[in-house]
Amino acid sequence: MSAALRALEELLGTPAVPGDATYFGKAERYGPADPDLIDGRGPDLTDMP
């Protein structure tokens, strides 16, 4: 994924802009950001349908 984003940046001549954070996580420049830890654990997604 990182290589594809870098190739698109080069092709388009503009840097990639990460979107807004979602329920599942947030993006950094070339991949997912580390989740916020709560009491040493990642996000609790057990309430999903």
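Readers should treat all values here as calculations from the given coordinates under stated rules, not as data from a laboratory. Being a predicted model, the structure only gives us computed values, none of them experimental. All Cβ positions, even for glycine, are placed from backbone atoms using ideal geometry, and neighbour counts span all protein chains on display.
Here's the yes/no breakdown for (1) of a type outside the set (D, E, K, R); (2) free of Cβ contacts under 8 Å to residues at least 40 places away in the same chain; (3) in contact with a strand residue (DSSP E or B) (Cβ under 8 Å, 6 or more places away or on another chain):
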position: Arg6; (1), (2), (3): no, yes, no
position: Glu9; (1), (2), (3): no, yes, no
position: Leu12; (1), (2), (3): yes, yes, no
position: Ala16; (1), (2), (3): yes, yes, no
position: Gly19; (1), (2), (3): yes, yes, yes
position: Ala27; (1), (2), (3): yes, yes, no
position: Asp34; (1), (2), (3): no, yes, no
position: Gly42; (1), (2), (3): yes, yes, no
position: Thr46; (1), (2), (3): yes, yes, no
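Residues that are among the hydrophobic types (A, V, I, L, M, F, W, C), assigned to a loop (DSSP other than H, G, I, E, B) and over 11 Å from the mean Cα position of the chain (by Cα) within the range 15-49 comprise Ala16, Leu37, Leu45, Met48, listed in sequence order.
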